[in-house]
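Working notes for the structure below.
The values are calculated or read from the model by the stated rules, or taken from the named source; none is laboratory data. Being a predicted model, the structure only gives us computed values, none of them experimental. Heads up, the Cβs are rebuilt from the backbone with ideal geometry, glycines too, and the neighbour counts pull from every protein chain shown.
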Amino acid sequence: MDGIAERGDVRTDEVRGTFITSHRAAAACARELARLHDALADGLEDWGVGTARAGEDTPIGDVPVVRRTPERCLVQVGPVALTVAWLQRAQGTVADGELLVVVWRGTVAAYTPRGFENTMDRAAASSATSVWELVLGANADSEAEWAWVPNGVGDVTLSSATLADQCIQRLRAAHSECTRAR
């Protein structure tokens, strides 16, 4: 009986691994993605896109289109867009996943009526080009220590709030550049 308990402990330790490879990390990742998406929405509010300044009747910028799913967030602000997508194999762990962040010049979130009649129009209208990309991985020994780590840069870690700020800054810069070019 002692031999079975010892063998079970060894297997348990091997299977348990680190936090980032555990099932708990998947739930923590979902919560962290929600925090990131909320921080992006807050950043849009702080930027003031689509809102009027005090004493003015017209908005200072384009009204953002925001589309969210648990693993993706898309923000279209006039001539530019931001996409944030968590990519992971179906049977993989959080350690295998990547967070892909892209700022686009062009329309990514165009409004299109439903129906097969407009399929050709939608395909032709997509002309967005990437302006800035960042690929990150998750790093954590616990949920409280969650951090996003840019691929290829081992000594830099970002909280979701810091990453959201960086994304909004890049989106604003692309928006300003496109607005000046008009």
Tell me which of these THR83 doesn't satisfy, since it passes every other one: (1) of a type outside the set (Asp, Glu); (2) touching a helix residue (DSSP H, G or I) at 6+ places or on another chain (Cβ under 7 Å); (3) within 26 Å of ASP165 (Cα to Cα); (4) modelled with pLDDT of 90 or more. (2)
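I'm trying to understand the selection: among the residues of the stretch 142-165, which are closer than 24 Å to ASP46 by Cα and either free of Cβ contacts under 8 Å to residues at least 12 places away in the same chain or over 18 Å from the mean Cα position of the chain (by Cα) (or both)? Show your work before the answer.
At the first step, the residues of the stretch 142-165 found to be closer than 24 Å to ASP46 by Cα are 147-148, 157-165.
The one that is closer than 24 Å to ASP46 by Cα and either free of Cβ contacts under 8 Å to residues at least 12 places away in the same chain or over 18 Å from the mean Cα position of the chain (by Cα) (or both): THR162.
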Report yes if VAL131 is among the β-branched types (Val, Ile, Thr) and at pLDDT 95 or above, otherwise no. yes
Those residues that are out of contact with any strand residue (DSSP E or B) (no Cβ under 7 Å at 6 or more places or on another chain) and surrounded by fewer than 16 Cβ atoms within 10 Å (Cβ to Cβ), I need them from the stretch 67-109; list them, please. THR69, PRO70, ARG89, ALA90, GLN91, GLY92, ASP96
Considering only residues that are surrounded by fewer than 18 Cβ atoms within 10 Å (Cβ to Cβ) and over 16 Å from ASP62 (Cβ atoms), which ones fall in the stretch 159-182? SER159, ALA161, THR162, ASP165, GLN166, GLN169
